[in-house]
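For reference, the structure is listed below as structure tokens.
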Amino acid sequence: MEHTLQLVKKIAPDLTEELIKRYRVLKTVRLLQPCGRRLVVLSLGMTERTVRSEIERLSAQNLVHVSKIGMSLTEEGMEVLCGLENIFSALTGLSVLEEQLAETLGAQKVYVAQGDSADSERAQKEMGQLAARVLFENTEANLRIAIAGGSAMAELVEAIPEGLEQKAKLVVPARGSIGRRLELQADTLAARLAEKLQADYRLLHLPDNLSPHVLEEMKKDPDIADTIEEMEQADILLLGVGNALEMAEKRHLDDHIRKELEEKNAVAEACGYYFDGKGKVVYETRSIGIDFNEIDKMDCIIVVAGGKKKAESLLAVSHSIPNGIFVTDEEAAMEMLRLAGK
């Protein structure tokens, strides 16, 4: 099909460009709904006149509903959008990009959102929706899910609809709660995800960098011990990835540790583990969380991160996640291929 579509693009480039433009408007409305026209303009970089014209056409076709609270997709609009997804991916070259990146990362599958999630709310939400779809495809009512914290994980949870039948047995945080923003902590996201998936959940109210003595004592607490045991039996891991030095600063690691990370060329952080460019763990925070030495026992690992600055970090972490599923964006995907010499 992809070859055929490329031939269509050659013989009728004006028609395919119109299709791509209208598809992008439709998809942006879905990602940001309910939304105003101005928000769509800012997200796509199109002129207001172009967006207004396209919205009028889509509304006339009963694909977009316009009301006082904003624009949203109709049921028919959702069907059209889902039906065109593979065609759009082939026309824009995203499917080729996904295949190339999967080979580079040694990944089971790669999904690429259009745009740059570092500065586009639309791209952030698309990554979240892609990750939510991947989770749906891999979870069952008898499985345990471990979820890390962070903005990418928050978008994933937000993208999951309300009112589902049971989709998992249990949700646990992938590590103790850290950071100042409660809504991005693993505990908060685990509870919210469990609510949406109609699953049970456990929490782990523990900060980073406890003393070894305190850490061992905390592990003896029955509730914490129970959560750790459930965490070790997780079937699915939902994981965000950060830049090592940026995360070290956010987590207020001591100056001598930050210097050590610089000297060891740390480029990535995930779940309290810091990796160099070759994927070797060069530092581990004193916290309770998923053991990276054991994650190969899990059935499914879904990594979600985007933005050009995350490319080197994602490449590094991929060495420790064989056969993982990666959800990223165009900017990160192209930079990863460039860094890998592809």
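Can you list residue pairs whose Cβ atoms sit under 6 Å apart, with the first residue in region 17-29 being in a helix (DSSP H, G or I) and the second being charged (D, E, K, R)? Count only pairs 6 or more apart in sequence or on different chains.
Qualifying pairs under 6 Å: ARG22/GLU54; VAL25/GLU54; THR28/ARG122.
For region 56-70, enumerate the residues that are in a strand (DSSP E or B) and small (Gly, Ala, Ser).
Matches in region 56-70: SER67, GLY70.
Among the residues of region 218-262, what is the count of those that are assigned to a strand (DSSP E or B) and open to solvent by 30 Å² or more (accessible area, probe 1.4 Å)? Let's see the steps before the verdict.
Just the residues of region 218-262 that are assigned to a strand (DSSP E or B), to begin with: 236-240, 242-243.
This time we only want the ones that are open to solvent by 30 Å² or more (accessible area, probe 1.4 Å), so: 243.
Number satisfying all stated conditions: 1.
Could you check region 103-142 and list, in sequence order, the residues that are among the aliphatic types (A, V, I, L, M) and within 14 Å of the chain's Cα centre (by Cα)?
If we filter region 103-142 for residues that are among the aliphatic types (A, V, I, L, M), which is where we start, we get 105, 107, 110, 112-113, 118, 123, 127, 130-132, 134-135, 141.
Listed by number, the residues that qualify are VAL110, VAL112, ALA113, ALA118, ALA123, MET127, LEU130, ALA131, ALA132, VAL134, LEU135.
Given the options ILE302, ILE321, name the one that is out of contact with any His (no Cβ under 8 Å at 6 or more places or on another chain), open to solvent by less than 80 Å² (accessible area, probe 1.4 Å) and modelled with pLDDT of 95 or more.
Only one candidate passes the filter, namely ILE302.
Which residue, of ALA146, ALA191, ALA141, is part of a loop (DSSP other than H, G, I, E, B) and closer than 17 Å to ALA234 by Cα?
The conditions single out ALA141.
Can you tell which of LEU135, LEU215, LEU130, LEU156 is part of a helix (DSSP H, G or I), in contact with a helix residue (DSSP H, G or I) (Cβ under 6 Å, 6 or more places away or on another chain) and open to solvent by less than 30 Å² (accessible area, probe 1.4 Å)?
LEU156
Report whether or not LEU204 is within 24 Å of ILE301 (Cβ to Cβ) and open to solvent by less than 20 Å² (accessible area, probe 1.4 Å).
yes
Inspect all residues belonging to region 109-119 and state whether any of them is surrounded by 17 or more Cβ atoms within 10 Å (Cβ to Cβ), of a type in the set (A, V, I, L, M, F, W, C) and under 19 Å from ASP200 (Cβ atoms).
No - not one qualifying residue is present in region 109-119.
I'd like to check something: does region 71-87 contain any residue that is charged (D, E, K, R), assigned to a loop (DSSP other than H, G, I, E, B), open to solvent by 50 Å² or more (accessible area, probe 1.4 Å) and out of contact with any strand residue (DSSP E or B) (no Cβ under 8 Å at 6 or more places or on another chain)?
No, that holds for no residue.
Assuming VAL51 fulfils every condition listed in (1) β-branched (Val, Ile, Thr); (2) open to solvent by 40 Å² or more (accessible area, probe 1.4 Å); (3) within 17 Å of LEU19 (Cα to Cα) apart from one, which condition is it?
Here VAL51 meets the rest and fails (2).
On the given criteria, is GLN100 buried (at least 16 other Cβ atoms within 10 Å of the Cβ), under 11 Å from the mean Cα position of the chain (by Cα) and assigned to a helix (DSSP H, G or I)? I'd like the intermediate steps shown before the answer.
Details: buried (at least 16 other Cβ atoms within 10 Å of the Cβ): yes; under 11 Å from the mean Cα position of the chain (by Cα): no; assigned to a helix (DSSP H, G or I): yes.
Spelling it out, it is not the case that GLN100 is buried (at least 16 other Cβ atoms within 10 Å of the Cβ), under 11 Å from the mean Cα position of the chain (by Cα) and assigned to a helix (DSSP H, G or I).
Is region 275-291 home to any residue that is assigned to a helix (DSSP H, G or I) and within 25 Å of GLU155 (Cβ to Cβ)?
Checking region 275-291: not a single residue is assigned to a helix (DSSP H, G or I) and within 25 Å of GLU155 (Cβ to Cβ).
The values are calculated or read from the model by the stated rules, or taken from the named source; none is laboratory data. Everything quoted here is computed from the prediction, not taken from an experiment. Using ideal geometry, Cβ is built from the backbone for each residue, glycine included, and neighbour counts are taken over all protein chains shown. We work out accessible area using only protein heavy atoms, side chains counted, and drop any ligands, DNA or RNA first. Shrake-Rupley method; radii C 1.70, N 1.55, O 1.52, S 1.80 Å.
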